[in-house]
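What follows is one structure encoded as structure tokens, with my remarks underneath.
Every read-out reported here was derived from the displayed coordinates using simple, explicitly stated rules and does not represent laboratory data. The shown structure was predicted, so the numbers you read here are calculated from the model rather than taken from an experiment. So basically every Cβ, Gly included, is an ideal-geometry build from the backbone, and we count neighbours across all protein chains shown.
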Amino acid sequence: MKWRIASVAFLLGSLSTGLTWLSVQPALIRLLDGVRRLAPPGSAEAETLARVQGLLPLLLGLDLVALTVLAYVVLDLTVGRPLRSTEAVVEQFGRLELDPHLVPTQGGPLLSRIQRALQRMAEALRTEQALTRSQMESLREANARLARAQTELVSSERLATVGRLAAGVAHEVGNPLAGILGYVALARMKANTPELKDFLERIDHEVQRIDRIIRGLLDLGRPGTASLGPVEVGAVVETCVRLVRAAPELAGVSVELGLEPGLLARADAGPLSQVIINLLLNAAQAMGGQGSVRVITRREDGEARLVVEDSGPGIPPDVMPRLFEPFFTTKGREGTGLGLAVSLRLTQVMGGRLLAENAPGGGARFTVALPAP
């Protein structure tokens with residue numbers, strides 16, 4: 001840009017110098033001829049005239065330089081700087097990096113109109129960018145809600161399928177299991193060898209495990225109704241904590257309570273107690289029977305929320321998507337994989353939600369959100 005302005009300025013200076021020379025040349029020649037005729041050769045006047053004639057090219061060169069510099073300064077102030085500012089703004093438009101302080105506000109009428117148009121375009125683009133960012137954020141939130149709803153729907157469909165199967169299987173298998181357990185107990189009383197007693201104990205253990213699975217299936221197969229009413233969440237939590245303190249899983253676990261007094265939830269005390277006990281036992285088992293569990297209740301967003309946090313290793317990323325699936329367990333043969341599935345089912349029957357996440361400070365966090373009355 002500057003070299004172009006310098007070239008134009010040099011051209012204008014050359015034209016101005018040439019026109020000046022052409023305009024003054026006839027009068028200057030006549031003046032010099034008159035002085036030459038009056039001044040005798042070898043006189044001081046003749047020497048002065050010769051020096052003046054020798055200085056004419058230098059004066060024309062100085063005139064050319066002065067006119068070129070003047071033309072450059074004028075062109076740069078009136079055209080160059082506004083065009084450079086306009087070019088910077090156009091480059092910003094190309095990169096979508098808009099800075100309102102760089103929009104030029106000087107120049108001639110044409111550049112002023114271009115600058116005003118660029119200013120309006122910049123404002124319009126900034127508005128569109130803000131709207132686009134807002135829409136993208138809304139879309140991300142909507143996608144997250146949709147993914148959560150889809151996950152909950154898939155889980156509900158799985159639980160419903162298992163529940164329909166459980167209604168028939170539990171009754172058909174439960175009664176024979178009770179008979180088997182009775183006969184095993186009688187056989188253990190009459191066993192006369194250690195090896196036979198060991199076999200019967202193993203049979204009893206495995207049948208007890210089948211019985212726990214059947215009971216879990218019965219819980220999944222319960223009708224989707226509950227006797228809902230105002231329940232004081234803190235009182236239910238304290239009762240559940242007293243019940244599980246004697247369990248061997250919580251022998252080395254400290255339980256901290258942060259209960260909001262008088263917090264009510266629209267729930268059923270029986271299923272809610274079962275959910276809380278499942279969460280406490282799961283937390284203790286996840287920590288290997290050593291650590292701390294914190295139970296918090298509070299009112300938030302029109303809901304009564306119960307939070308169970310543990311100081312364990314947390315939930316692995318590969319486990320999180322399948323956490324509430326029936327029969328999915330990380331405890332091997334010691335677990336049935338129905339505890340969290342049943343807890344989710346009972347919470348949904350009460351019109352609430354059961355959420356799982358890793359706490360920022362480490363450990364797992366389960367949140368039961370129930371409607372407040």
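For this structure, a couple of remarks:
- The phi torsions of segment 254-266, fed into the Karplus equation with coefficients 6.51, -1.76 and 1.60 and a -60° offset, translate into couplings of 9, 10, 9, 10, x, 9, 7, x, x, 6, 10, 9, 7 Hz, rounded to whole numbers, with Gly and Pro shown as x.
- When 310, 318, 63 are arranged by Cβ crowding within 10 Å, least crowded first, meaning fewest neighbours, the order is 318, 63, 310.
- Once the C-beta distance of residue 146 and residue 78 is scaled by a Förster radius of 45 Å, the resulting FRET efficiency is 0.15 to the nearest 0.05.
- Taking label positions 7 Å along the Cα-Cβ direction at both residue 127 and residue 299, the computed distance is 4.4 nm, reported to one decimal.
- In Å, descending, principal axis extents of the Cα set of segment 234-373: 40, 29, 29
- Across segment 225-373, the mean sequence separation of Cα contacts (distance under 8 Å, 6 or more residues apart), normalised by length, yields a relative contact order of 26 percent.
- Hz values of 3J(HN,Hα) by residue in segment 137-149 - Karplus curve (6.51, -1.76, 1.60), Gly and Pro given as x: 5, 5, 5, 5, 5, 5, 5, 5, 5, 5, 5, 5, 5
- Packing, as the average of other Cβ atoms within 10 Å across residues, places the peptides 191-200, 352-361 in the order 352-361, 191-200, highest first.
- Estimated inter-spin distance, residue 87 and residue 157, nm [label 7 Å along Cα→Cβ]: 6.2 nm
- Between residue 138 and residue 165, the distance separating the two model label sites (each 7 Å from Cα on the Cα→Cβ line) works out to 4.3 nm.
- Modelled FRET efficiency - R0 25 Å, residue 63 with residue 8, Cβ distances, 0.05 increments: 0.90
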